[in-house]
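A short reminder: the numbers here are calculations on the coordinates, not readings from a lab. Note that this is a predicted model, so its numbers are computed, not measured. Here the Cβ positions follow ideal geometry from the backbone for every residue, glycine too, while neighbour counts run over all protein chains shown.
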Amino acid sequence: MRPERRINARPRRVVLGATMAAALSGCEGVQSVLSPASDDARMVADLAWWMFATATFIFVVTMGLLITGVALRHKREARRISFRNATVMVVIGGVIAPIAAIVAVSLSGVMIGDEVEGDAGSSGPVIEVHGKRWWWEFRYLDRDGRVIATTANELHLPVGQRATLRLMSDNVIHSFWAPNLQGKTDLVPGKVNTLYAEPDVAGRWRGQCAEFCGLQHGLMGFVVQADAPQDFDRWLQAQAAGAVVREGRGLQVFMDLGCGECHAIRGTAADGQKGPDLTHLASRRTLAAATIPNSRGNLGGWITSPQDIKPGALMPAFAPPSDDLDALLTYLEALE
Amino acid sequence: MTDATPALDLRERTDDEGRERLARIERTWASPTGFLGWFMPVNHTAIGRRFIVTSFVFFLLSGVLALAMRLQLLVPLNDLLTPDQYNQIMTVHGTAMMFLFAIPAMEGVAIYVAPLMIGARDMAFPRLNAFGYYVYLIGGSAFFLSLFLGMAPAAGWFNYVPLSNKEFAPGYGVDIWTTMITFIEVSALTAAVELIVTIFKLRAPGMSLNRLPIFVWAVLVMSFMMLFAMPSVIVASAMLMMDRLVDTQFFVTEGGGSPLLWQHLFWFFGHPEVYIILVPALGIVTTIIVTFTQRPVFGYTALVLAMVGIGMVSFGLWVHHMYTTGLPLMGRSFFMAASSMIAIPSGVQVYCWIATMWGAKIRFATPMLFVLCFFAVFIAGGLTGVMVASVPFDRQVHDSYFVVAHFHYVLVGGAVFPLMAGLYYWFPKMTGRMMSERLGWWSALLIFLGFNLTFFPMHQLGLEGMPRRVYTYVPEMGWQFLNQLATAGSFVLAAGFGLTLINAIRSVFCGEVAGDNPWNATTLEWATASPPLNSNFPQPPVIDSHTPIWDWQQDDERPVVGGLRDDRRETLVTTLLDARPAMVQVLPGPTPWPFVSAVAASVGFIGLIFSPWFYVVGILAVFATFVLWFWPRHPYREE
């Protein structure tokens, strides 16, 4: 095996533990199948509970019969179950019960599947979800299919509207999974899959890539935020606008370092498409695909040593002089 | 029941003529000794033993990799392993457990036990058998070696494209996977072919198909499944190999290829694969239940049909690995129904076993203990299996730790527990010595507890949103405690396997001497010495029931076949259905050529990783060695 390369991650852990917990506070089951926040997820969670209960019952009955049969020998000499009784047991346990289970599983599967995968006259926003290595890009479209706003790693949805997510990837296969809202669907290159999400309460949850996609598959998360429709509209309007600050020393540093090759800040000369759109970076809660909270310290750490935080990430490390870094951070933090 | 000695057994004859004949037969069937002799044996007992030992070595190595992964996941944001190391370890663990342990271990048991069970003296193609073993040994070792060189594949055991394309997986890792897997599948195919021919044609006279022991039926079903499933993965990995080597673009979207095609081809193999491992294990379980209850199994025909049914249905449900890829719901629904249908044959088997055990005087030795553990674990895994067959539920838990829990319950429950049971059961036959019961009980207990402690919490982890194949997680997900339970459990589990390892090594040297038939079993492998004679049966038996040895004990006599020559390797060929004697087949003796051919093939395959030209080199080299291998010689020439 290779020699170990230890990464000094300890200071980061402390920061992360404290702030992220606060950021997501009060959300028990923030990424959980069993804390549904939409009708789709609730139906599946109910199905899950039914199946757990039935499975437990079948397990107890079968093991109970087994143990009874095995324990009988202690009472007297070996005795044989009559052929008729044995046949009845095999037919009930091995044929009738499984058939009942198959019918139940298949019917419920088709009915619930139809419901949760259907568009139900979807009236909500249409959002393109692009799987990147290893982060998420969300593009909000208008009725004509033009991009209104682009953001990264943070999906905002209106409560009570069925949003259409068009899932696509230009690299490897990813899988979009926000368990509190919906089952997962893959992002397959050369194919556009569709998924619907309809949160019925306001709240904040987390989602994560569920298809193995390489080095940073483990830390490819995103935040899902559901707001009342008017709050959502306000947010979308803000995201659609260009950057609030379009000049200054920080932007100069940004361009000099070459950040604009990969990142876009709408309204400035930075128009790179490889990395996340940074136009409204300061409005986001997390950095590095929902891995660390968005704070000045973490942002500086991410710029200077991204490989320590996410080894293998495509973001290169930069080491500008400290006053340049300061200016850069101040600029980025102003991008509300 | 009396421990009756078969009256006509050559081994029991004390007169000079009898002793001389036995010695002559044994010389004819002997394997050469010495260093060079090491590369020459072709007897199925020698090859089967090597398969079993090699596969268990790979099992231990892959198990150590699992411990490394469990340690990495012990705390969030752990930096014990880099993501690249973790992905390599994860890939090698999965690949090795499936291709280097589970299948070869089942093949090994089948190759060792099945010919004995049907009263054959050897398998139909002994040299092919040896070739298959060397291919497996060389391919498996090369694959594992890549991990220690730091160039192991890191795209998962399923190698989904485009992640495994040249663009996203540069380096030799995936090439090693594709070439070595194709290579090892060759070994599985040779085993499948000769197991089928052996079972169909070399049965003892009188062993008609309806008297075939259940384990042999299971081996037959397994072999046919391999025959149909393996070509799919060979084709797929060859296509991927060519995509990477000569840009054929089978799976490249821009070139008109399809990433989903890979998934279809892979899972068309990958799902039957699970049942290829499971079916022989079910045979082992049945065998052990019959022996330890001392009764014939209830519902022989139902059990056989159930296994055949599992074999058939398993080819029609691969799409349940692809519920989330965006295929139409209507199509997926058929696979949902087909997937849950497996519950019928499985249910029939479980209840047939319960009926067999009902009220029996069961001997609770270690093999039986492992079988009882198998019941609990396998039934739990089967029940979660029916759950994940449901499309909407699976779209939530697919690729989460819930599925990790599910398939470890099915595979460890359905294959490893029966294999452990089989190990304790057949160890006396293979070595002539018993394994320690005390260590066996402790081992079974630790394995059962450790297993459940490791994998049960993973159900919960999956429902709490933890995806599979992640090298780490952030602390606020709240997954730490359950991961710690799992890691603790994995070490208990490892300790359990360690005890069995110690037990096996100790027992080889100083176990209690076993005798021919220590469990008073009824199948034919117990009708020869322990370990078996070179010729298996100096006089092959004649069969007229399901329970030959018990009948011989009752009748105090044992009909045998006469008239086979002592001075060359002759075995009886019988008819397919009724096993009436048809002809005598002369089997080939020890030879180094299978080994040389395997080395030649390996040069070709390993070279392919680096240059397509090795394809040409490999073909010519293998052709040359095959010519020498098949050169007509004694005993085919009549003297």
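Dipole magnitude of the stretch B:197-328 about its Cα centre, charges +1 at Lys/Arg Cβ and -1 at Asp/Glu Cβ only, in debye to the nearest 20?
740 debye
What residues of the stretch B:418-439 lie in the reach of a label at B:Val513, counting those whose backbone N is under 17 Å from a point 7 Å from the Cα along Cα→Cβ?
B:428-435
Measuring from label point to label point, each 7 Å out along Cα→Cβ, what is the B:Phe35 to A:Arg84 span in nm?
7.3 nm
Go through A:237-246, B:463-472 and give me the packing order, highest mean Cβ count within 10 Å leading.
B:463-472, A:237-246
Looking only at other chains, what is the average number of their beta-carbon atoms within 10 angstrom of each beta-carbon in B:53-62?
Rounded to a whole number, the mean comes out at 0.
Kindly rank A:113-119, B:485-491 from highest to lowest mean number of other beta carbons found within 10 Å of each residue. Please list the in-between numbers first.
On the way: A:113-119: 17.7, B:485-491: 19.6.
Output ranking for A:113-119, B:485-491: B:485-491, A:113-119.
Peptide A:202-212: average number of partner chain Cβ atoms within 10 Å per residue?
5
Which loop trypsin sites (Lys or Arg not before Pro) in the stretch A:105-189, with loop taken from DSSP, have no more than 13 other Cβ atoms within 10 angstrom of their Cβ?
Answer by residue number: A:Arg143, A:Arg146.
Going toward the positive end of the dipole of the stretch A:24-213, with +1 on Lys and Arg Cβ and -1 on Asp and Glu Cβ, which of A:Leu107, A:Leu157, A:Ala210 do you reach last?
The listed residue farthest towards the positive side: A:Leu107.
Select from A:Ala97, A:Tyr196, B:Gln249 the residue farthest towards the positive end of the dipole of the protein assembly as shown; place +1 on Cβ of Lys and Arg, -1 on Cβ of Asp and Glu, and compute about the Cα centre.
Toward the positive end, the furthest listed residue is A:Ala97.
For the charge dipole of chain B, defined by +1 on Lys and Arg C-beta atoms and -1 on Asp and Glu C-beta atoms about the Cα centroid, which residue among B:Pro205, B:Leu73, B:Tyr471 has the Cα displaced farthest towards the positive pole?
B:Pro205
Need one word for the stretch A:249-336: rounded, prolate or oblate. Basis is the Cα gyration tensor (sqrt eigenvalues a ≥ b ≥ c); a/c below 1.5 gives rounded, then a/b vs b/c decides.
Judged from the Cα gyration tensor, the stretch A:249-336 comes out rounded (a/c under 1.5).
Could you run the Karplus curve 6.51 cos²θ - 1.76 cosθ + 1.60 with θ = phi - 60° over the stretch B:185-201 and give me ³J(HN,Hα) per residue in whole Hz, x for Gly and Pro?
Going residue by residue, I get 5, 4, 4, 5, 5, 4, 4, 4, 4, 7, 5, 4, 5, 4, 5, 6, 10 Hz, with x marking Gly and Pro.
How would you classify the protein assembly as shown from its alpha-carbon gyration tensor, with a ≥ b ≥ c the square roots of the eigenvalues: rounded for a/c under 1.5, else prolate if a/b is greater than b/c, otherwise oblate?
Taking the square roots of the gyration eigenvalues as a ≥ b ≥ c, the protein assembly as shown is prolate.
Work out the length of the dipole vector of the protein assembly as shown about its Cα centre, built from +1 on the beta-carbon of each Lys and Arg and -1 on the beta-carbon of each Asp and Glu, and round it to the nearest 20 debye.
Value, rounded to 20: 1840 debye.
Gaussian network model of chain A, Cα springs within a sub-10 Å range: biggest mean-square fluctuation belongs to which of A:Leu66, A:Leu219, A:Leu299?
Looking only at A:Leu66, A:Leu219, A:Leu299, the biggest GNM fluctuation is shown by A:Leu66.
In the stretch B:225-276, what chymotrypsin sites (Phe, Trp or Tyr not before Pro) fall in a loop by DSSP, with at most 11 other Cβ atoms inside 10 Å?
Within the stretch B:225-276, no chymotrypsin sites (Phe, Trp or Tyr not before Pro) qualify (loop, at most 11 other Cβ atoms within 10 Å).
Which of rounded, prolate or oblate describes the stretch B:10-629 when judged by the alpha-carbon gyration tensor and an a/c cut-off of 1.5?
prolate
Obtain the nm distance between the two label points defined at A:Val244 and B:Asp15 by a simple spin-label model: each point lies 7 Å from its Cα along the Cα-to-C-beta direction.
11.0 nm
Calculate, for A:Arg143 and B:Leu71, the FRET efficiency according to 1/(1 + (r/R0)^6) with r their C-beta to C-beta distance and R0 56 Å; round to the nearest 0.05.
In this case the efficiency is close to 0.60.
So if R0 is 56 Å, what FRET efficiency would A:Val103 and B:Ile619 give, r being the distance between their Cβ atoms, rounded to the nearest 0.05? All intermediate terms of the calculation are to be shown ahead of the outcome.
On the way: r = 53 Å, r/R0 = 0.95.
Once rounded, the FRET efficiency stands at 0.55.
Compare the peptides B:218-224, B:623-629, B:336-342, B:562-568 by average per-residue count of other Cβ atoms within 10 angstrom and give them in order, highest first.
Going from most to least packed, we get B:218-224, B:336-342, B:623-629, B:562-568.
Per residue of A:170-177, count partner chain C-beta atoms within 10 Å of its C-beta, then hand back the mean as an integer. Could the numbers behind the result be given before it?
Working: counts 2, 4, 11, 8, 1, 6, 1, 8.
That works out to 5 on average.
Quick one: dipole size for the stretch B:10-629, taken about the Cα centre, charges +1 on Lys/Arg Cβ and -1 on Asp/Glu Cβ, in debye to the nearest 20.
In total the dipole reaches around 500 debye.
Through the Karplus equation 6.51 cos²θ - 1.76 cosθ + 1.60, θ set to phi - 60°, convert the phi angles of the stretch A:261-277 into ³J(HN,Hα) values in whole Hz; use x for Gly and Pro.
In residue order, the calculated couplings are 5, 10, 10, 9, 10, 4, x, 10, 6, 6, 9, x, 10, 7, x, x, 5 Hz.
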